[in-house]
Structure formats: structure tokens, C-alpha cells
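Reviewing the structure listed below.
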Amino acid sequence: MDEFYLIEKIKKIIKRRPRALVRGIGDDCAVVSPPQNRKILVSSDSLAEGVHFDFRYTSAECLGRKAAAINISDIYAMGGIPLYMILNIGISLNRGAFDTEKMIRAFSRYSEKHGACLIGGDTVRAKSFFLSVTVIGEAKTEHLMTRFGAKPGDRLFVTGFPGESGAGFYALRNPKKCRGIKSSEALKKRHLEPDLDPVKSRVLARGGVVSSCLDVSDGLVSDAGRIARESSCGICIEYEKLPVSGKLRDFSRKIKKDPREFVLYGGEDYELLFTAAEESAGETVRYCAKRGVRVSDIGFVTGRSGICIEKNSKKEKVDDSKVWKHF
């Protein structure tokens with residue numbers, strides 16, 4: 001594959017060109033005009049073959065869309081909007097059947113769907129395939145949501161139905177055990193093709209009640225721990241209050257597993273986990289529901305460090321063996 005041929009193909013793939021973009025792909029740097037009265041948000045994430053995805057069940061299009069989604073999710077988690085994407089690709093020459101152009105096209109289309117434009121990147125030969133993405137966004141100061149700010153007494157909330165992606169991953173890794181389970185198809189799609197809803201971010205950011213927030217990428221327990229660390233507090237998750245979708249309940253029953261284990265430890269749902277003052281808990285749920293955002297009240301913030309799970313009125317320790325670890 002010729003690098004310059006690929007770059008020219010990428011230029012043709014890109015359809016969206018924001019007004020603030022002065023120069024895009026083709027120069028040593030992209031040039032953008034800075035936004036006025038906004039905070040700049042910058043995030044980066046990588047996906048490595050054999051660690052974050054498996055080509056046995058991940059197509060070029062799925063990989064491209066997911067690479068864009070997981071980065072854009074970070075911008076939404078902070079109350080912002082995505083503007084620009086930078087994509088670095090490590091291409092394995094052993095991956096002959098893989099269509100890099102299809103992957104880039106899917107990445108660009110998904111980014112444009114959410115208002116972001118691919119403005120640059122790099123390609124390099126690698127022993128195994130990997131992607132490294134940087135996303136740049138913006139947020140109004142009054143809409144900015146961070147992991148810092150949770151206080152003892154605050155309630156813990158989550159949007160949507162976490163756990164579905166984790167169940168989908170289980171189905172992909174155990175095809176024989178899950179063969180014939182209809183609900184597994186939707187769950188597998190949820191894992192392979194996360195579809196972000198920017199409305200959730202806008203509703204929370206404009207509501208003015210969020211004290212801390214992040215997206216659920218590594219699992220509810222793991223990500224609650226991040227809020228706890230950044231806010232210097234503890235969090236107790238109320239097991240019986242965890243939301244379980246019909247698909248997840250059906251799937252878990254057929255494989256004889258507790259669905260809430262997927263909710264707690266599954267990961268890659270990209271729902272929003274946030275805290276808000278206890279006195280506004282009921283109003284927070286109603287406010288979100290009126291705007292089409294499903295929110296569940298699932299726990300509370302404590303003054304003691306660490307994460308615990310309250311089950312049948314008893315506090316239990318987290319099962320550390322099930323928590324996702326990067327290293």
C-alpha cells in the first residue's frame with residue numbers, strides 16, 4: 001500500500017469542512033481558528049489488535065465506527081461537542097484482507113454524523129494493527145462536566161442500560177454457548193457498534209444539577225472508582241437499583257448468569273455515570289425523563305474512600321478479579 005495514495009483517498013472521503021478549519025489534511029499541521037468564549041476539550045484513545053478488538057468478529061467498518069465513537073464519547077461526557085478528529089493507523093502487512101480504506105471511510109462518516117471532521121493523522125507499518133485517535137471539542141464554561149465535584153450525600157445516576165455491551169462481548173467470545181439465543185444478536189451489535197446519543201450529554205450539561213460525570217467505558221464499578229478518586233470520596237452502588245434491560249435479562253437467564261454482573265463489570269457501554277445533590281434526586285430523574293433521557297438512581301457518595309456494593313442491605317466489597325485492568 002502506498003502512503004501518499006492512501007492520503008489522497010482520505011482527502012476524497014472527507015465530506016465535512018467546518019468554517020473554523022483553515023487547513024486540513026495535506027500540510028504538516030492542520031490549522032483551525034480558536035472558538036470564542038469556549039473551553040477546548042482534548043482527548044486521546046488507542047485500540048490495539050488482540051487487546052481492544054478481534055478481527056475474527058470485527059469488520060473494517062465496525063472498527064472505524066467504534067474508534068470514532070469511543071473518543072467522541074469522552075467529549076460528550078464533559079458536556080461538549082466534538083469538532084475535529086486525528087487518526088493514526090498502524091498497518092500490519094500480514095492483514096492482507098483488511099480494507100483500510102473502508103475502515104477510514106466508516107470512521108469519517110461516523111465522526112461527521114456527530115459534527116466532527118477528520119483533519120489529519122499518520123500511517124505507519126506495524127507488527128499488529130492499531131489505531132490511535134485524538135478528538136478535539138469545545139464546551140461552554142457553564143456546561144462543563146468533570147469527574148471532580150462529587151460530595152458525600154450526593155446520589156449516583158446512570159443513563160440507559162449499561163451491561164448490554166459486556167453481554168455482547170461474552171456472546172462473541174462464547175459462540176457455541178450462546179448459539180440460538182436471539183437476544184444475543186442485539187447485544188453483540190451493541191458491543192461492536194456503539195451508537196452515541198448526544199441528547200443525553202446536552203440534557204445533563206444544561207440541567208445544572210450534575211456535580212461530576214464520566215462515560216462508562218471500563219465498567220460501572222471501575223468508572224465509579226474514577227469519580228471517587230478524582231473527588232476524594234467513596235461511592236456505594238445499590239445492587240437492587242441497577243437497571244437491567246429486557247434483552248440483557250433474557251440473555252442472562254439463558255446462559256444462567258446474573259445480569260447485574262454484566263451491569264457492574266461489563267464496560268464499553270458509553271452511557272453517562274454522574275452524581276447530583278440528594279435533595280434534587282427526584283427532580284433530576286423527572287427532568288431527564290421529560291427530555292427523553294432514561295436515568296436510574298443507583299447509589300450514593302460517601303465520605304470514605306473506595307467503592308462498595310450494597311446488596312440485601314449489606315455492604316460487600318467489589319470483586320477485583322472482574323474489574324477491567326489496562327495493565
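What is the residue count in the range 51-94 for residues that are among the acidic types (Asp, Glu) and assigned to a loop (DSSP other than H, G, I, E, B)?
Counting residues in the range 51-94 that are among the acidic types (Asp, Glu) and assigned to a loop (DSSP other than H, G, I, E, B) gives 1.
I need the full set of residues from the range 281-327 which are out of contact with any Lys or Arg (no Cβ under 9 Å at 6 or more places or on another chain) and among the aromatic types (Phe, Trp, Tyr), in order please.
Answer for the range 281-327, where residues must be out of contact with any Lys or Arg (no Cβ under 9 Å at 6 or more places or on another chain) and among the aromatic types (Phe, Trp, Tyr): 287, 324, 327.
What pairs come up if the first residue lies in the range 104-115 and is in contact (Cβ under 8 Å) with a residue 40 or more places away in the chain and assigned by TED's automatic domain parsing to the domain that holds residue 8, the second is among the small types (Gly, Ala, Ser) and surrounded by 19 or more Cβ atoms within 10 Å (Cβ to Cβ), and their beta carbons are under 6 Å apart, counting only those six or more places apart or on different chains?
106/64; 107/64; 107/67; 107/68; 110/68; 111/68
Out of (1) out of contact with any Phe, Trp or Tyr (no Cβ under 8 Å at 6 or more places or on another chain); (2) buried (at least 16 other Cβ atoms within 10 Å of the Cβ); (3) assigned to a loop (DSSP other than H, G, I, E, B), what's the single condition that is false for residue 168?
(3) is the only condition that residue 168 fails.
Please go through the range 231-290 and give me each residue that is over 23 Å from the mean Cα position of the chain (by Cα) and among the aliphatic types (A, V, I, L, M), ordered by number.
Across the range 231-290, the qualifying residues are 255, 277, 281.
Assigned by TED's automatic domain parsing to the domain that holds residue 257 and out of contact with any Leu (no Cβ under 7 Å at 6 or more places or on another chain): which single residue out of 199, 216, 210, 221 fits that description? Quick ask: steps written out before the conclusion?
Values: 216 fails: out of contact with any Leu (no Cβ under 7 Å at 6 or more places or on another chain); 210 fails: out of contact with any Leu (no Cβ under 7 Å at 6 or more places or on another chain); 221 fails: out of contact with any Leu (no Cβ under 7 Å at 6 or more places or on another chain).
Matching residue, one of 199, 216, 210, 221: 199.
Under 6 Å between Cβ atoms, at least 6 apart or on separate chains: pull out the pairs that start in the range 306-327 with a residue that is farther than 23 Å from residue 231 by Cβ and among the hydroxyl-bearing types (Ser, Thr, Tyr) and end on any residue that is assigned to a strand (DSSP E or B) and modelled with pLDDT of 85 or more.
Between residues of the range 306-327 that are farther than 23 Å from residue 231 by Cβ and among the hydroxyl-bearing types (Ser, Thr, Tyr) and residues that are assigned to a strand (DSSP E or B) and modelled with pLDDT of 85 or more, there is no close pair.
Inspect the range 126-141 for any residue being without any contact (Cβ under 8 Å) to a residue 40 or more places away in the chain and assigned to a loop (DSSP other than H, G, I, E, B) and give the result as yes or no.
yes
Looking at residue 187 and the list (1) out of contact with any Cys (no Cβ under 6 Å at 6 or more places or on another chain); (2) over 25 Å from residue 67 (Cα atoms), which single condition is not satisfied?
(2)
Residue by residue through the range 35-54, note down the ones that are among the hydrophobic types (A, V, I, L, M, F, W, C) and either touching a Leu at 6+ places or on another chain (Cβ under 7 Å) or crowded, with 16+ Cβ neighbours inside 10 Å (or both).
Taking the range 35-54 first, the residues among the hydrophobic types (A, V, I, L, M, F, W, C) are 40-42, 47-48, 51, 53.
Within the range 35-54, 41, 47, 53 qualify.
Give the range 253-295 a look and list any residue that's surrounded by 20 or more Cβ atoms within 10 Å (Cβ to Cβ) and either of a type in the set (S, T, N, Q) or assigned to a loop (DSSP other than H, G, I, E, B) (or both), or say none.
266, 267, 268, 269, 270, 271, 275, 284, 293
Looking at the range 172-192, can you tell me whether even one residue there is surrounded by fewer than 16 Cβ atoms within 10 Å (Cβ to Cβ), at pLDDT below 95 and polar (S, T, N, Q)?
The answer is no, given that none of the residues of the range 172-192 is surrounded by fewer than 16 Cβ atoms within 10 Å (Cβ to Cβ), at pLDDT below 95 and polar (S, T, N, Q).
The values are calculated or read from the model by the stated rules, or taken from the named source; none is laboratory data. Everything quoted here is computed from the prediction, not taken from an experiment. Methodologically, a virtual Cβ is constructed for each residue, glycine included, from the backbone with ideal geometry; neighbour enumeration extends over all protein chains shown.
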